[in-house]
Amino acid sequence: MESNLSLFIKYLAEEKAMASNSLLAYGRDVNDFIIFLSEKGISDLDDVTKTEVISFLLALKNHGKSAATVNRKLASLRSFFYYIKSRKGLAIDPTEGIKSPKIERKKLEYLTVEQIERLLTKPDDSIKGRRDRALLEVLYASGMRVSEAAAADLSNINLRIGFITTDGEHGKARAIPLGRPARAALEAYIYESRPMLLNHEGPETQALFLNYNGDRLTRQGIWKIIKLNAKAADIDAEITPKTLRNSFAVHMIQNGADLMTLKELMGHEDLTATQVYLSFSKNRIKDVYDHAHPRA
């Protein structure tokens, strides 16, 4: 089976021009199934039936895997068996007719543009206020994870060009543009407030966002800043560490951003994670159609 998997990955790379991350995901998914089959004493693909595929999917579910993960692995197996059937003469595709689990979509928590404007203008010109404004502006301008903002160092900022870099998750490093308001807020904070917060020498002196002790702001500290400023701005919406990230994504989609660009900006490993924002583009698509089609 391993040789078939190698040929399948080669086919995806050469004929489908699939990206390396996707190749790794497909290979991992199919290999997990091969291991599952070997544990059941099955070594020939001709002996694989729909029962084995369903048992594999149920085992994933029983081990706490999400419906999205189960769906992805099933999609990988479908592609694999389609390839084997078409290229190797497999008699029966054991994935045929198996339905994908339904994914229950959680309600996306995000702020409106008007709420964002209120939030971003709430911090004052005090030492703490300039830091808070810079932090909030960066989170909304970049769509960074709160953990990424907490880990950011001064070296991650390029004010001249207007970029912030992050190592991201799963080693997915990226450079994200920053708009003029975020750059201005950062400049005011870095040159006027940060030196006042930096009151000791140590390993954290390169941290971008500091607390009153001169140490790196933690993820919890950033969440507290977001909640306090949201309360001051009379925003009743539930604020979580992901609220500003969601707001960034929704507003980008609503203003015409495509999914692939958004995926890269947000540092998603694959497009599945980005697709949750797709529903917010429907009105935009209708507007474009109404404007562009001669018989709309």
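Just so it is clear, none of the values below were taken in a lab; they were calculated from the coordinates. No experiment lies behind these values; they were computed from the predicted model shown. FYI the Cβ positions are ideal-geometry reconstructions off the backbone, even for glycines, and counts take in every protein chain you see.
Numerical summary
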| read-out | value |
| --- | --- |
| Gyration tensor verdict on region 2-88 (Cα atoms; rounded if a/c is under 1.5, prolate if a/b is larger than b/c, oblate otherwise) | oblate |
| Coil-residue GluC sites (Glu not before Pro) of region 112-187, DSSP, other Cβ within 10 Å capped at 16 | E169 |
| Isotropic mean projected area of the C-alpha convex hull, region 200-274 (nm²) | 7.1 |
| Between 0 and 90°, nearest 10: helix 127-142 axis offset from the chain longest Cα axis | 30 |
| Sorted by Cβ density within 10 Å, fewest first, the residues R180, R160, R174 | R160, R180, R174 |
| Cut-off under 5 Å, modelled amide H: who pairs with D153 long-range | L208 |
| Cα-based Kirkwood hydrodynamic radius, region 113-286, one decimal, Å | 16.6 |
| Residues M260, M18, M266 arranged by fewest to most Cβ contacts within 10 Å | M260, M18, M266 |
| 0 to 90° range, to nearest 10: angle between helix 20-39 axis and the chain longest Cα axis | 50 |
| Burial ordering of S86, S147, fewest other beta-carbon atoms within 10 Å first | S86, S147 |
| Gain upon complete extension [T51, A237; 0.36 nm per residue less C-alpha separation] | 62.4 nm |
| Estimated 222 nm signal from helices in the chain, with DSSP H stretches of n ≥ 4 weighted -39500 (n - 2.57), rounded to 500 | -16500 deg cm²/dmol |
| Lysines whose Cα lies under 21 Å from that of K242, excluding same-chain neighbours fewer than 8 positions away | K106, K107, K122, K172, K224, K227, K231, K263 |
| Rounded to 10°, Cα long-axis angle of helix 2-14 versus longest principal axis of the chain | 60 |
| For Rg/Rh (Cα atoms, Kirkwood Rh), calculated from these coordinates, the label among (i) 1.08; (ii) 1.00; (iii) 0.96 | (i) |
